Structures are given as structure tokens and as C-alpha cells.
1. Which one is nearest to LEU323 (Cα to Cα), of the residues in the stretch 104-146 that are open to solvent by 80 Å² or more (accessible area, probe 1.4 Å) and assigned to a loop (DSSP other than H, G, I, E, B)?
2. Could you check the stretch 299-387 for helices (runs of 4 or more DSSP H) lying wholly inside it with 2 or more residues that are in contact with a strand residue (DSSP E or B) (Cβ under 9 Å, 6 or more places away or on another chain), buried (at least 23 other Cβ atoms within 10 Å of the Cβ) and hydrophobic (A, V, I, L, M, F, W, C)?
3. Suppose the filter is closer than 19 Å to GLY283 by Cβ and over 17 Å from the mean Cα position of the chain (by Cα); does LEU385 pass it?
4. Output the residues belonging to the stretch 191-243 that are surrounded by 12 or more Cβ atoms within 10 Å (Cβ to Cβ), at pLDDT below 85 and outside any loop (DSSP other than H, G, I, E, B).
5. I'd like to know if the stretch 160-171 contains one or more residues that are at pLDDT below 80, touching a Leu at 6+ places or on another chain (Cβ under 8 Å) and either open to solvent by 50 Å² or more (accessible area, probe 1.4 Å) or not in a loop (DSSP other than H, G, I, E, B) (or both).
6. Could you check the stretch 244-292 and list, in sequence order, the residues that are outside any helix (DSSP H, G or I) and either touching a Phe, Trp or Tyr at 6+ places or on another chain (Cβ under 9 Å) or of a type in the set (Lys, Arg) (or both)?
7. Can you confirm whether the stretch 71-89 contains a residue that is buried (at least 20 other Cβ atoms within 10 Å of the Cβ), within 21 Å of PRO388 (Cα to Cα), modelled with pLDDT of 90 or more and over 19 Å from the mean Cα position of the chain (by Cα)?
8. So which residues in the stretch 51-62 are surrounded by fewer than 23 Cβ atoms within 10 Å (Cβ to Cβ) and either out of contact with any Asp or Glu (no Cβ under 6 Å at 6 or more places or on another chain) or outside any helix (DSSP H, G or I) (or both)?
Amino acid sequence: MRSLDALAREAATLAAGGRTVIPILSEREAEVGRQMQICNACRYCEGFCAVFPAMTRRLEFGRADIHYLANLCHNCGACLHACQYAPPHEFAVNVPRAMAEVRGQTYADYAWPPALGQLYQRNGLTLSLALAAGLALFLMLAVAFKGTLWGVPLQGNFYNLFPHNLLVSLFGPVFVFVVFALGMGVARFWRELKPATSGAPLNVPAAAEAADAVLRLKYLDGGHGQGCHDEDDAYTLRRRRFHHLTFYGFVLCFAATCVATLYHYVLGWHAPYQLPSLPKLLGVAGGVSLLVGTAGLWRLNRRRHPLQADAAQKPMDLGFIALLFLTSASGLGLWLGRDTPALALLLCLHLGAVMALFATLPYGKFAHGIFRTAALLRHAVEKRLPNPIGLGAD
């Protein structure tokens, strides 16, 4: 069933000689559409997460709808373990895996510039570690050439080795590119989703609801509040907690950098900062949180039930986790070894890890948080609209 306005617009377009081009679904997208048709008839999992209420607002699933639902899925595994049509049933319904396969493809499809989208398929564990090691080695050789790699007195201040302005000139342009590339990708994703919510512009209640779902990782509770099915039928909150530690650890580290920038350029307070200064408190707390969170996610990822995820994305997942872990571990090591002869060596290791992390951010697993936030915002807006198929409200 379609709205009268939509039918009127299509009639006007046809009368004017226009044509509507229907995008052809890929094999993975068609599989999600097939499974959603089965789920829409069953609806046993309707209360599990945001995917199923969004699904019930549709009778058919186009490319934009499939991309939206795939990024709305948090891969908690609850629907797989509850499904009577899951393998080995002949219907072979496996929503977490089907969604994960499409979700990974959307990152490449919406990448900016488009030519770099294939980097998602190549951004694996080996590449991530090799990039970090290569950049660290390059810095070590540059420092060793100057004779300052070991034992040179730097008074605990690594800016005596790499000046502040040099580091800003190296990381500033990369940070701007990362923000721009991710922004362009998610803007294109949002434009594809927007027509279905054109009757309801962004509003404060919808934005607040989406922010709450993001900040609490609401849909990693398994639909019953007791967590995900990581390895078997038992559910646990470990995945949600380790995600929280990783997410907020990253946020605290970023906040430490922002506060230090404010100190340097606005207040004229130059690094190094020591405890109990705010940049150091934020950085240490964030580093420890990130270290514990990524170690936990690594363990869970390696032990995850094979039916719940896309095996092809595991190298990208592990690569991102490894870079976050190396960044936090090397940063804490740099702070603890600031008064030792190893300061220059530790600094090169840390900068290599940070550079590798920055270089892969637009084309790695970091994108999943950006696209999922956009999908959650769209869901919060959409659910405030009248149900288009007349089956009642959410």
C-alpha cells in the first residue's frame, strides 16, 4: 500500500515523460530482502531491537531500505538464537550474518572518494599492523639518523624531539580529511534514506532518542536487557560493556587532545602536562579504558559464534581493534617511560600507531559507528510518522 501523495507524484512524473529507475539488488541485498519477507510474516522477534519495528513498516524492501536496516542491526545475535527458521531449516534465516554482509558492503559503496571504497576489503589485521610498524620504523630511522633515538636527555618532553608545530602540520591535514571523507560518505547515505522520512524533519525528541540509543548502546542488550549471544545460546553483557569501555575510552582520549589544544593556543599553557592536569587525567583514564575494552573485544571477536557474523570482515574488525589497542598501550607506555632513555623510541612507536589509526579511519571499522548513528536517527524520526501500511503504531 502506498500513500496518496506518493502515487500522485509518480503519476505527475509519468505524465511529464519521466521514468523511475529501480536499482538492481546485489545477491547479498536480495538475500536480506528475502529474509525480511519471512520475518515480516513471522514477527516473533518484533520486540528484540529497532530492526524489526522498522521492518514492519514495509511490505517490500528496496535497496535504500535494506541498507538502512543493515546499519540499524547491532548484530547481538538474539534473533538468530530465537528463530525457528534458522539453519538447518530450509528457509536458512540468519539475519545477523545477512545484515553484516550488506553492512560491510555499504561502507565501501558510500566511501568518499568512491575510488577508495575498495580499501574496506583490504583493510585487514596484517595491513593495519604492517602500516603501524612501517610508520614507526620510518620515524625511528629519522630520529636515529640524528643520533637521538636512545639515551638523549629530553627532560621528559617529547616536543624537544618533535616540535609541537611539526606534529600539528602532520596530523592536522589528516584529521581534516578523515572528518570530510566520513562526512561525505554518511551524507550520501542519509540522502538515500531521507525520502521515506520527508514528512518529518529532524527534531529535538528524535535526536535525543537516537543519542540515547548510541550513548547507551541500547540495542546490544539482546532485546531482553541481558546482553548478546556471543558464543552459544547463553547471553551476556560482556560485549556491551567492552564496547562501552572502548567507545568512552576513545572519547576521553579525544577530549584530552582537545583540552590540550585549548591550553596551548588559548591559554598559552604548553605541554608537557602532568597529573593532576585535566589533559593528563582524561588521557590516562581514556587510555586505560581503551586498553581494557579493546582487549575484551579482541577475545570476544575471536570466540564469536561463526553463524553470527561475516567471516570476510573479521580481518578488518581485528585490524581496527589492534590499532586502538596499540595506540592506547603505546600512549600509556610513553607516559610511564617519559623520564627514561627510551622516550624517543616509545614516541616513535606511539606516533606510528596513531598515524596508522588515522590513515585507516575513513576506510575501516570506525565507519560502522557513524553509519549506525545515522540509521538510529532515521529510525527515531520515522517512528514518529503514521504507519504507512496501516498496521498500527510502533
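1. GLN118
2. none
3. Here the answer is no, as LEU385 does not meet what is asked.
4. LEU193, LYS194, ALA196, THR197, CYS228
5. Checked against the condition, which is being at pLDDT below 80, touching a Leu at 6+ places or on another chain (Cβ under 8 Å) and either open to solvent by 50 Å² or more (accessible area, probe 1.4 Å) or not in a loop (DSSP other than H, G, I, E, B) (or both), the stretch 160-171 yields at least one hit.
6. TRP269, HIS270, ALA271, PRO272, TYR273, SER277
7. No, there is no match, as no residue in the stretch 71-89 is buried (at least 20 other Cβ atoms within 10 Å of the Cβ), within 21 Å of PRO388 (Cα to Cα), modelled with pLDDT of 90 or more and over 19 Å from the mean Cα position of the chain (by Cα).
8. Residues satisfying the conditions are ALA54, MET55, THR56, ARG57, ARG58, LEU59, GLU60, PHE61, GLY62.
The values are calculated or read from the model by the stated rules, or taken from the named source; none is laboratory data. All of these numbers come straight from a predicted model, not from anything done at the bench. With ideal geometry, Cβ positions are generated from the backbone for all residues, glycine too; neighbour counts draw on all protein chains shown. To get the accessible areas, we keep the full protein, side chains included, count just its heavy atoms, and leave off ligands, DNA and RNA. Shrake-Rupley method; radii C 1.70, N 1.55, O 1.52, S 1.80 Å.
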